[in-house]
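Novice: Have a look at the structure that comes next, please.
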Amino acid sequence: MLMTDTIMSEKVVMQHADEMTDSTRSEKVVIQLADRRIKGYLDSPNWDTIEELLSHAPPASPETFRIRHLETNHLEEIPTRDIKAVFYVNCFKEPRAQGPQFSYPCAIVHGIWMRLQFRDGEIMEGIVHNSTRYLVDPGFFMVPTDPGSNNKLIYVVKNLLVDHRVLGLRKL
């Protein structure tokens, strides 16, 4: 990368940071694609609860995710159709190796308790907001049920799922 490219990239990142308002914040995310994982930052509406996030969600799922890479500050637009899932994380440290953790007693969260299986064989559980958005949109948000997870929230793209099962329901 040329020095001028680096300076231009930094200017774009700084300009983008200046455009952020009090209604947005930069979230730590890990975007999982079929063949690679990208760590970086995604601008997101400010939210404290899943209900607050969903109430400010746009009327349609995004066509792309714009991520600022952790290592290079390079901005990249990634088509949603190429994404397996977007993990909103507490930190970028690699999680300890362990198998899938299921059915933890966790805080009461209203919604649909689901188990998902992806084409690559990965299985995960979480709570999905009980709305029509889960059914009609190409993706949905899920709150992990493992309290020890590094993931705060997961955006799952449905085209890479091979199975999903409802394990329980809690009335909103």
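The values are calculated or read from the model by the stated rules, or taken from the named source; none is laboratory data. These figures come from a predicted structure and were not determined experimentally. All Cβ positions, even for glycine, are placed from backbone atoms using ideal geometry, and neighbour counts span all protein chains on display.
Novice: Of the residues that make up segment 59-68, is at least one closer than 20 Å to Leu116 by Cβ, modelled with pLDDT of 85 or more and not hydroxyl-bearing (Ser, Thr, Tyr)?
Specialist: The answer is yes; a qualifying residue exists.
Novice: With the checklist (1) within 14 Å of the chain's Cα centre (by Cα); (2) at pLDDT 65 or above in hand, flag the one item Glu71 doesn't pass.
Specialist: (1)
Novice: Is one or more of the residues making up segment 113-121 closer than 25 Å to Arg36 by Cβ, aliphatic (A, V, I, L, M) and at pLDDT below 85? Let's see the steps before the verdict.
Specialist: Quick first cut of segment 113-121, residues closer than 25 Å to Arg36 by Cβ only: 116-121.
Cutting the leftovers down to aliphatic (A, V, I, L, M) gives us 116.
Narrowing further to those that are at pLDDT below 85: none.
No - not one qualifying residue is present in segment 113-121.
Novice: Turning to a different aspect of this structure: Is it true that some residue in segment 128-136 is under 15 Å from the mean Cα position of the chain (by Cα) and either in a strand (DSSP E or B) or at pLDDT 90 or above (or both)? Can you show your working first?
Specialist: Taking segment 128-136 as the starting set, the residues that turn out to be under 15 Å from the mean Cα position of the chain (by Cα) are 128-129, 134.
Next, only the ones that are either in a strand (DSSP E or B) or at pLDDT 90 or above (or both) stay: 128.
There is at least one residue in segment 128-136 that is under 15 Å from the mean Cα position of the chain (by Cα) and either in a strand (DSSP E or B) or at pLDDT 90 or above (or both).
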